[in-house]
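Colleague: Please find one structure pasted underneath; my questions will follow.
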Amino acid sequence: MNIPLVDLKMQYYTIQNEIKLAIDSVLERGRYVLGPETERLEATLSKYTGTTYAIACSSGTDALLLALLAIDLQPGDEVISTPLSFFASSEAVSFLKGKPVFVDIDPETYCMDPAQIEAAITPKTKAILPVHIFGQCAEMDPILEIAKKHNLYVIEDACQAIGATYKNKKSCSMGDLGVISFYPSKNLGGYGDGGMVFTHNEDLFKAARDFRTHGEYPKQFKHKRIGTNSRISEIEASILNVKQKHIDAWNQKRRDLAQNYDRLFSENNLRSHIQIPKTGSNNQHTYHLYLIQTAPKESLQKYLAERGISTGNHFPKPIHHLDCYEGQYAHQSFPIAEGFCEKSVSLPMFPELTFEQQETVVRNIKVFFEKR
């Protein structure tokens, strides 16, 4: 039995008739950019997240850029974030000539540790960028309190956490701005790239919307700002309008699968060999990824691959160890994030995964440790 890390085709087969009708309706309408499908997606997801405004754009990375442009990030401005994230969280800051400043992660949730933030604040700090990693929100109350105390913006990177909640508040609804990604493998993924920016602030909304379309909206050929072209296509928006109706059910299936992994690891006495993910007491997790930590990481992955079980190595290095930042953080250490990257393994996780497949995964992990 071959078990993939993720299987996007399986999900497509469950909704293919709806998808084909949605795409065909766009083709029949003949409007392919910033049309009714985009407007409907923005309105639907704004309501879903509990935010006032939403701006659909071409990727999660562009959503981060638009959010940073909206707060007027200037060269030399500092943004406090986490070294455990996809590169884009810091790349967007660096692309605009800002400086990413890192704090270590919480050892249980793997999100930014709020207790370390204030020590990282300097007169150049402009914003805090918590990453809701793997489908779980950061501890937002202390982050928001610190931001208010120091007059800083908060940008939630929820690219892996649409639908996740903190104290019953949806991701993207708590900071000044929030962003998500529609990359195909995300919990709400399209069939190409896409992203969205959320905010309650009208001025930030208008700024992000202008930057999305060459510095102006609506189109008047005046271009009051230097912007970019970050529009989502109508076909992509139509696909997401179909898929968003299923997001809560898919997220619940992911939680069921995570709970089943937890149970199987306990019943097979594997908890002494691996560390399973934990959910913060204030959180509802959406399990974009299910990662374990274990010391013989490479040998376990090789063993599983030989038996047809795919695993992932999503963050082999923390961001401050990436080549483009060589030497910039040489005198800093973030031991929890660094240790996590050394030991973490992503296991198969997607809504169509079966309990039988999970049993096969865990059974093979058990045999691996019995042979050591």
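Any read-out appearing in this document is the output of simple, stated calculations on the displayed coordinates, not a laboratory observation. Every value quoted in this text rests on a predicted model; they were computed, and no experiment measured them. Neighbour counts run over all protein chains shown; Cβ positions are idealised from the backbone, glycine included.
Colleague: Can you pull out every residue in the stretch 227-282 that is farther than 17 Å from Gly189 by Cβ and basic (Lys, Arg)?
Modeller: Arg231, Arg255, Arg263, Arg271, Lys278
Colleague: Next up: How many of the residues in the stretch 265-288 are over 25 Å from Cys341 (Cβ atoms) and in contact with a helix residue (DSSP H, G or I) (Cβ under 9 Å, 6 or more places away or on another chain)?
Modeller: Selection size over the stretch 265-288: 5.
Colleague: I'd like to verify a number: residues in the stretch 314-324 that are buried (at least 18 other Cβ atoms within 10 Å of the Cβ) and assigned to a helix (DSSP H, G or I), how many?
Modeller: 2
Colleague: Mind listing whichever residues of the stretch 201-226 are touching a residue at least 24 places away in the same chain (Cβ under 8 Å) and in contact with a helix residue (DSSP H, G or I) (Cβ under 7 Å, 6 or more places away or on another chain)?
Modeller: Answer for the stretch 201-226, where residues must be touching a residue at least 24 places away in the same chain (Cβ under 8 Å) and in contact with a helix residue (DSSP H, G or I) (Cβ under 7 Å, 6 or more places away or on another chain): Leu204, Ala207, Ala208, Phe211, Arg212.
Colleague: Which residue, of Glu342, Glu359, Glu352, is part of a helix (DSSP H, G or I), touching a helix residue (DSSP H, G or I) at 6+ places or on another chain (Cβ under 9 Å) and within 30 Å of Tyr13 (Cα to Cα)?
Modeller: Going through Glu342, Glu359, Glu352 in turn, just one is part of a helix (DSSP H, G or I), touching a helix residue (DSSP H, G or I) at 6+ places or on another chain (Cβ under 9 Å) and within 30 Å of Tyr13 (Cα to Cα): Glu359.
Colleague: Among the candidates Ser94, Ser81, single out the residue that is surrounded by 21 or more Cβ atoms within 10 Å (Cβ to Cβ) and polar (S, T, N, Q).
Modeller: Ser81
Colleague: If you don't mind, another one. Within the stretch 181-203, work out how many residues are within 18 Å of Phe350 (Cβ to Cβ) and not basic (Lys, Arg).
Modeller: 10
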